[in-house]
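A.B. asks: Let me begin by handing over the structure; questions about it come next.
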Amino acid sequence: MKKSLALLTVAILMVINANAQTPTFNKGDKVLDITVGVPHLYGYGWGIPPIIGSFEVGIVDGILEKASIGVGGYAGVSSASWLGDTYFNVHFGVKGAFHYPFVDKLDTYAGILTGYSVSDLSYYGLDWGAFAGIRYYLSDSFALNAEAGYGVTWLRGGISLKF
């Protein structure tokens, strides 16, 4: 928790002091992320890596001249193997992010998430986390992305589609 908050604080401070480029995420933008993550093992063996889909909508822009805020939801599945059995996990919830452009075509952001996790190990409970991420746009509507932080997975990457 302390590391996640420190990561988020550093990201926000960097954003405030940056000389920004052209915004890549604005009010009204809609972005779908499809990613694959590094699994949390917690002493279990490998299974299906986390596969996560998230959707974000820009709700405010013009903050600090070129910054914006987006909110949305996420859903994902993962599994782990232990003693020859495979256990599945389902994650879903909401997230919010603060975006600020440092480089043209690069959407840099940091945010928080909260949600719910259910496992066939009779586990269920609150998911929460903080993250920092990037989306590098190869065209106006297609980007490669990466996120790091605490939540469904520590590290994930994939593609983003902007509508």
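A.B. asks: Identify all aspartates and glutamates with a Cα-Cα distance to LYS27 below 15 Å; exclude those on the same chain that are fewer than 8 residues away in sequence.
C.D. replies: Answer for LYS27, where 15 Å is the Cα cut-off: GLU56, ASP61, GLU65, ASP107, listed by chain and number.
A.B. asks: Where the convex hull is taken over the Cα atoms of the stretch 85-163, what is its projected area averaged over directions, in nm²?
C.D. replies: Result: a mean projected hull area of 6.1 nm².
A.B. asks: Using a probe of 1.4 angstrom, how much of the accessible area of the stretch 99-158 is carbon and sulfur, in percent?
C.D. replies: Of the solvent-accessible surface of the stretch 99-158, carbon and sulfur hold 68 percent.
A.B. asks: Counting only heavy atoms of protein chains, what accessible area per residue, in Å², does the stretch 83-163 have with a probe of 1.4 Å?
C.D. replies: Per residue, the stretch 83-163 has an accessible area of 50 Å².
A.B. asks: Over the stretch 17-163, calculate the relative contact order: mean separation of alpha carbon pairs under 8 Å at least 6 apart, over the residue count, as a percent.
C.D. replies: 23
A.B. asks: Once the Cβ-Cβ distance between SER122 and ALA75 is put in as r, and R0 is 25 Å, what FRET efficiency do you end up with, to the nearest 0.05?
C.D. replies: With R0 = 25 Å, the Cβ-Cβ based efficiency is 0.75.
A.B. asks: Return the sequence-ordered ³J(HN,Hα) values of the stretch 128-133 in whole Hz as given by the Karplus equation 6.51 cos²θ - 1.76 cosθ + 1.60 applied to θ = phi - 60°, using x for Gly and Pro.
C.D. replies: 3J(HN,Hα) across the stretch 128-133, in whole Hz: 8, x, 10, 8, 9, x.
A.B. asks: Another question, if that's okay. Output ³J(HN,Hα) for the stretch 23-29: one whole-Hz value per residue in order, computed from phi by the Karplus curve 6.51 cos²θ - 1.76 cosθ + 1.60 with θ = phi - 60°, and x for Gly and Pro.
C.D. replies: x, 10, 9, 10, 4, x, 5
A.B. asks: Note the full-extension length gain between PHE88 and SER139 as 0.36 nm times their separation in residues minus their Cα-Cα distance, in nm to one decimal.
C.D. replies: 14.8 nm
A.B. asks: Moving on to the next point. Evaluate the distance, in nm, between pseudo-label points positioned 7 Å from the Cα of ILE48 and of VAL60 along their respective Cα→Cβ axes.
C.D. replies: 3.8
A.B. asks: Whole-Hz Karplus ³J(HN,Hα) for the stretch 153-163, in order, using 6.51 cos²θ - 1.76 cosθ + 1.60 and θ = phi - 60°, x for Gly and Pro?
C.D. replies: Result, rounded to whole Hz: 8, 7, 8, 8, x, x, 10, 10, 10, 9, 10.
A.B. asks: What share of all Cα pairs of the stretch 18-163, in percent, falls into each consecutive 5 Å distance bin?
C.D. replies: Here the calculated profile for the stretch 18-163 is 2, 10, 19, 23, 17, 12, 8, 5, 3, 1, 0.
The values are calculated or read from the model by the stated rules, or taken from the named source; none is laboratory data. From a predicted model like this one, the values you see are computed outputs, not experimental measurements. No Cβ is skipped: glycine too gets one built from the backbone with ideal geometry, and neighbour counts run over all protein chains shown. Side chains are part of the model used for accessible areas, which takes the heavy atoms of the whole protein and leaves out ligands, DNA and RNA. Shrake-Rupley method; radii C 1.70, N 1.55, O 1.52, S 1.80 Å.
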